Amino acid sequence: MIGGSMNATFTLPPSSGRNRNLPLTAGLLACLALYTIDAVCLAFVPNEGRTLAANIAVPFDLMVCVPAAFYLLVIKPRKLSPVAAIPVIYAGFVVSMLVMQPGSFSLLTVLLPMMLAVEAVILVREIARFLRVFRAARKESTRPIVWFEKPFFELSRNETASRLCALECSIWYYVLASWRSKADVPNGARPFSCHKESGYLALSGVIMALLPIEALVTHLLVAKYCEPAAIALTVLTAYTLVWFIGNTRAVVLNPLLVDDTSVTVR
């Protein structure tokens, strides 16, 4: 029902096939090679050179060279968002922290503020880019899932990832921002409220009423043996409740459409 109530279609650029994976493979191999070289150097470098290697060479390699290689070999050829480089930079920072020799100057003191500045610039730029595509999509379509799917595809260039992210955002839109919206019925079409005729709203209401009770009972029982597991189950139940609310709103606002020649199921 979730997929059926919020599906949307628009043309996305086709994947370029096997050749599209070559830059990704090359980029990952280059990053792995740099990590391997640094690990070997740290293992065999003489003691008098260990501080220089750990505090200067390793941070430079992992926080500058590796992200640069990842950007040039993976992000740029695939036209991905530069946001994808941020986890690579953080990974280099964490590894550099682990191997750093205390008591001596470390290049991390210079690279850390630079890393934060670069991250801020990337995020500001990409958020503005996302909002620009989002506004354009909202003018073109009345379907919330399309509003989110287009900007996510612009950033990820991955149809599956963009659809999953759009579905998640659409659910939260229906939960938080759709309560004053009216049913989406194009001109010339007649709505058929299947949620009323099929008893879907009543069924969803019963399930949503029982979920908090089930969550409380399960939490109390599981907490006797493993409190973290009990908390995780409670959070999962709350998340499921959010999805039921969002999906119910989506079904109400996207009725079946009937015209003189066809029936559109959404």
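The values are calculated or read from the model by the stated rules, or taken from the named source; none is laboratory data. Nothing here was measured: the structure is a model prediction, and the numbers come from that model. Here the Cβ positions follow ideal geometry from the backbone for every residue, glycine too, while neighbour counts run over all protein chains shown. For accessibility, only protein heavy atoms count, side chains too; no ligands or nucleic acids. Shrake-Rupley method; radii C 1.70, N 1.55, O 1.52, S 1.80 Å.
When all protein chains stay in place and ligands, DNA and RNA are ignored, the 1.4 Å accessible-area order of Ser104, Ser81, largest first, is Ser104, Ser81. Set against the 2.2 N^0.38 Å expectation for a compact globular protein, region 113-237 has a Cα radius of gyration ratio of 1.49.
Counting only heavy atoms of the protein chains and using a 1.4 Å probe, Ile207 has close to 60 Å² of accessible surface.
If you add up the charges near Cys31, with Lys and Arg at +1 and Asp and Glu at -1, over every other residue whose beta carbon is less than 13 angstrom from its beta carbon, what do you get?
Neighbour charge sum, excluding Cys31 itself: -2.
At full extension, Ala128 and Val99 could sit 6.7 nm farther apart than now, given 0.36 nm per residue minus the alpha carbon distance. Binning all Cα-Cα separations of the chain at 5 Å, short to long from zero, yields these whole-percent fractions: 1, 5, 9, 11, 11, 10, 10, 10, 10, 9, 6, 4, 2, 1, 1, 0, 0. A 1.4 Å probe run over the chain, with the rest of the protein chains in place, finds 60 Å² accessible per residue.
With 21 Å as the limit on Cα-Cα distance, the pairs of Lys76/Lys150; Lys79/Lys139; Lys139/Lys182 that go past it are Lys79/Lys139.
When Trp179, Trp147 are compared by accessible area of protein heavy atoms, the largest-first order is Trp179, Trp147, using a 1.4 Å probe.
Considering region 107-175, its Cα convex hull presents a mean projected area of 5.8 nm².
Phi-derived couplings, Karplus 6.51 cos²θ - 1.76 cosθ + 1.60 at θ = phi - 60°, listed residue by residue for region 59-69: x, 5, 5, 7, 9, 10, 5, 5, x, 5, 5 Hz, with x used for Gly and Pro.
For the set Val40, Val74, Val185, solvent exposure ranked by accessible area (probe 1.4 Å, protein chains only) runs largest to smallest as Val40, Val185, Val74. When the Cα gyration tensor is reduced to axis lengths a ≥ b ≥ c, the ratio a/c is 1.5 or higher for region 55-136, and with a/b above b/c it is classed as prolate. Taken about its Cα centre, the chain carries a charge dipole of about 780 debye when Lys and Arg each add +1 at the Cβ and Asp and Glu each add -1 at the Cβ.
For region 64-126, the set of chymotrypsin sites (Phe, Trp or Tyr not before Pro) satisfying both a DSSP loop assignment and a count of at most 12 other C-beta atoms within 10 Å is given as Phe105.
In the chain, the DSSP-assigned H stretches of four residues or longer account for a calculated mean residue ellipticity at 222 nm of -21500 deg cm²/dmol, using -39500 (n - 2.57) per stretch and the full residue count as denominator. Take Arg132: with every protein chain present and a 1.4 Å probe, its accessible area is about 140 Å².
In loop segments of region 77-128 as defined by DSSP, the trypsin sites (Lys or Arg not before Pro) with at most 14 further C-beta atoms inside 10 Å of their C-beta are Lys79.
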